[in-house]
Ligand SMILES: CC(C)(COP(=O)(O)OP(=O)(O)OC[C@H]1O[C@@H](n2cnc3c(N)ncnc32)[C@H](O)[C@@H]1OP(=O)(O)O)[C@@H](O)C(=O)NCCC(=O)NCCS
C-alpha cells in the first residue's frame with residue numbers, strides 16, 4: 001500500500017475520487033445519496049479546499065481515502081469523508097490515514113479535530129486510542145450520528161508504519 005497527499009497533478013483524477021466516493025456510498029450510514037447530496041459538488045469542494053489523503057494499492061487504485069478541512073480561522077480540523085474499500089478493511093489502512101491527518105493538523109497548529117459518524121467500531125476506536133468524546137448527537141436521514149471531538153494535544157502519535165509522500169509524483 002502506498003500513501004500520499006493528493007494534489008491536482010496526481011495520476012488519480014478528481015473523477016477517480018468521485019467514482020470512489022460513489023462506489024463506497026452504500027457503506028456509509030446513512031449513504032450520502034439518502035439526503036440528496038450533489039456528489040460532483042461535494043468532491044469538488046473537498047479537492048479544492050480540503051486535504052485529501054489517499055491509500056493506493058499496487059495497481060494505483062484507491063484503497064482508502066480520508067478527506068478533511070482545516071482552512072478556516074478556527075483551531076479545528078474537520079473530517080468530511082472517510083472510507084476504506086471493503087476488501088482492504090481491518091488492516092490498519094484507516095488508522096494510517098487518520099493519524100497522518102492528525103500529524104498535518106498538529107504541524108499546522110490546530111488543536112481540535114472533529115468527525116461526525118454513526119460507525120460504532122470507529123467511535124470505539126477513536127475513544128480508546130485518542131480519548132475522543134461525543135460533543136453532540138444529531139439524527140441525519142433517520143440515523144443517529146455522533147460528533148466526536150479529539151483534543152490533539154492529548155494524542156500521542158507513534159512512528160508512521162508507512163511513508164507518506166507529501167504529494168504524488
Ligand atoms: C471505518 C473504516 C474507515 C475503518 O477503516 P479500516 O482500514 O478498516 O480501519 P483499521 O484497520 O485501521 O481499524 C480501525 C479499527 O477497527 C477495527 N476493525 C477490525 N476489523 C475491522 C473491519 N473489518 N472493519 C472495520 N474495522 C475493523 C480495528 O481493530 C481497529 O480498532 P482499534 O483502533 O481499536 O485497534 C472502514 O471500516 C470503512 O470504510 N467503513 C465504512 C464507511 C464508514 O463507516 N466510514 C466512516 C464514516 S465517518
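What pairs come up if the first residue lies in the stretch 15-27 and is in contact (Cβ under 8 Å) with a residue 24 or more places away in the chain, the second is in a helix (DSSP H, G or I) and loosely packed, with under 14 Cβ neighbours inside 10 Å, and their beta carbons are under 7 Å apart, counting only those six or more places apart or on different chains?
Partner pairs satisfying both residue conditions: 18/40; 27/86.
Got at least one residue in the stretch 99-113 being closer than 23 Å to residue 140 by Cα, assigned to a strand (DSSP E or B) and within 13 Å of the ligand (Cβ to nearest atom)?
Within the stretch 99-113 (the criterion being closer than 23 Å to residue 140 by Cα, assigned to a strand (DSSP E or B) and within 13 Å of the ligand (Cβ to nearest atom)), the answer is yes, since at least one residue qualifies.
State whether the residues of the stretch 79-88 include one that is within 9 Å of the ligand (Cβ to nearest atom) and out of contact with any strand residue (DSSP E or B) (no Cβ under 8 Å at 6 or more places or on another chain).
yes
Among the residues of the stretch 138-146, is any free of Cβ contacts under 8 Å to residues at least 24 places away in the same chain, outside any strand (DSSP E or B) and over 16 Å from the mean Cα position of the chain (by Cα)?
Scanning the stretch 138-146 turns up no residue that is free of Cβ contacts under 8 Å to residues at least 24 places away in the same chain, outside any strand (DSSP E or B) and over 16 Å from the mean Cα position of the chain (by Cα).
Are any residues in the stretch 8-18 surrounded by 13 or more Cβ atoms within 10 Å (Cβ to Cβ) and either away from the ligand (no atom under 16 Å from the Cβ) or assigned to a loop (DSSP other than H, G, I, E, B) (or both), and if so, which ones?
The answer is 10, 12, 14, 16, 18.
Looking at the stretch 120-131, which of its residues are within 16 Å of residue 94 (Cα to Cα) and touching a helix residue (DSSP H, G or I) at 6+ places or on another chain (Cβ under 9 Å)?
Within the stretch 120-131, 122, 125, 126, 129, 130 meet the criteria.
Is it fair to say residue 63 is in contact with a strand residue (DSSP E or B) (Cβ under 8 Å, 6 or more places away or on another chain) and either at pLDDT 95 or above or under 23 Å from residue 20 (Cα atoms) (or both)?
Yes: the conditions hold for residue 63.
Would you be able to say whether some residue in the stretch 126-144 is under 17 Å from residue 68 (Cβ atoms), more than 12 Å from the ligand (Cβ to nearest atom) and either surrounded by 13 or more Cβ atoms within 10 Å (Cβ to Cβ) or at pLDDT below 95 (or both)?
Yes, some residue in the stretch 126-144 is under 17 Å from residue 68 (Cβ atoms), more than 12 Å from the ligand (Cβ to nearest atom) and either surrounded by 13 or more Cβ atoms within 10 Å (Cβ to Cβ) or at pLDDT below 95 (or both).
The values are calculated or read from the model by the stated rules, or taken from the named source; none is laboratory data. These figures come from a predicted structure and were not determined experimentally. As a convention, Cβ positions derive from the backbone with ideal geometry for all residues, glycine included, and neighbour counts pool all protein chains shown.
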